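Comments concern the structure below.
The values are calculated or read from the model by the stated rules, or taken from the named source; none is laboratory data. All figures in this text were calculated on a predicted structure; none of them were measured in a lab. Here the Cβ positions follow ideal geometry from the backbone for every residue, glycine too, while neighbour counts run over all protein chains shown.
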Amino acid sequence: MSAQCGHSHSFDGTDPAYRRVLWIVIAANAALFTVELAGGALAGSQALKADALDFLADAVTYGLSLAVIGWPLAARARVALLKGLSLLAMGLWVFGTTLWHLAGPGLPQAEVMGVIGVMALATNLGSVLLLMRYREGDANVRSVWLCSRNDAIGNVAVMAAAGAVALTGTAWPDLVVALMMSGLFLTSATQILRRSLAEMRQPASSQAHHRHA
């Protein structure tokens, strides 16, 4: 991948400014996880619940990414592998629970979905802007960017689902968006897993070069 804002593909996060950005987005994502989880339960929205899980995954991902900054490449790759596996599990869980709800009654509250969607979108756009310059790097750094991007896409989708639920008077838009978010989680997990496995296979000499690059 090409360099971005002075960072090559080997950027490992050892930048004080990057650490500060991570602390900010950790706090924001933890707060929105609580808000969206409660809102999803109140509105009966599977899409909001899926997006809340994405906020939780982001908060954990950012925390792990902050903790492993400066570690050897192989160690960072193993942590990224765990994050990829957790994202894979989350995607499968959302997919399975959404299928379960396909036969269930009840109409999500579009108003609640819309209000919380706007709050979440504002939070995620802020995170995306802060992390934009750090979107390229090793598997650990890349996982942070992918999670932030997922959240922003998910929020737009939730707001679209809220409008569609209001217009159609059915729960189908909410469930379709939840399934789409599941696919996004699975795709991102695949990218993280591939990169982390590739980094784990690199010889020790190459890993030393990454640490001093």
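Ala103: of a type in the set (A, V, I, L, M) and modelled with pLDDT of 80 or more, yes or no? Talk me through it step by step, then tell me what you get.
Numbers: of a type in the set (A, V, I, L, M): yes; modelled with pLDDT of 80 or more: no.
In short, no.
Filter the range 24-64 down to the residues that are at pLDDT 80 or above and not hydrophobic (A, V, I, L, M, F, W, C) and list them by number.
Passing the criteria: Asn29, Thr34, Glu36, Gly39, Gly40, Gly44, Ser45, Lys49, Tyr62, Gly63.
Pick from the range 81-97 the residues that are under 11 Å from Asn140 (Cβ atoms) and touching a residue at least 24 places away in the same chain (Cβ under 8 Å): which of them is surrounded by the fewest Cβ atoms within 10 Å (Cβ to Cβ)?
That would be Leu81.
Quickly run through the range 165-175 and pick out the residues that are part of a helix (DSSP H, G or I) and either in contact (Cβ under 8 Å) with a residue 24 or more places away in the chain or buried (at least 18 other Cβ atoms within 10 Å of the Cβ) (or both). Please lay out each step first, then the result.
Of all residues in the range 165-175, those part of a helix (DSSP H, G or I) come to 165-168, 172-175.
Scanning the range 165-175 gives Val165, Ala166, Pro173, Asp174, Leu175.
Would you confirm whether any residue within the range 128-146 is under 19 Å from Leu37 (Cβ atoms), in contact (Cβ under 8 Å) with a residue 24 or more places away in the chain and surrounded by 15 or more Cβ atoms within 10 Å (Cβ to Cβ)?
Within the range 128-146, not a single residue is under 19 Å from Leu37 (Cβ atoms), in contact (Cβ under 8 Å) with a residue 24 or more places away in the chain and surrounded by 15 or more Cβ atoms within 10 Å (Cβ to Cβ).
Please count how many residues of the range 26-38 are closer than 28 Å to Gln109 by Cβ, hydrophobic (A, V, I, L, M, F, W, C) and within 14 Å of the chain's Cα centre (by Cα).
Going through the range 26-38 one residue at a time, the tally reaches 4.
Under the condition of being more than 14 Å from Leu66 (Cβ to Cβ) and either surrounded by 21 or more Cβ atoms within 10 Å (Cβ to Cβ) or in contact with a Lys or Arg (Cβ under 8 Å, 6 or more places away or on another chain) (or both), which residue from the range 7-23 is modelled with the lowest pLDDT?
His7
Out of everything in the range 26-80 that is out of contact with any helix residue (DSSP H, G or I) (no Cβ under 7 Å at 6 or more places or on another chain) and surrounded by fewer than 16 Cβ atoms within 10 Å (Cβ to Cβ), what residue ends up being nearest to Ala139 (Cα to Cα)?
Per the stated criteria, the residue is Ala75.
Do we have Met113 as touching a residue at least 24 places away in the same chain (Cβ under 8 Å) and surrounded by fewer than 18 Cβ atoms within 10 Å (Cβ to Cβ) here?
no
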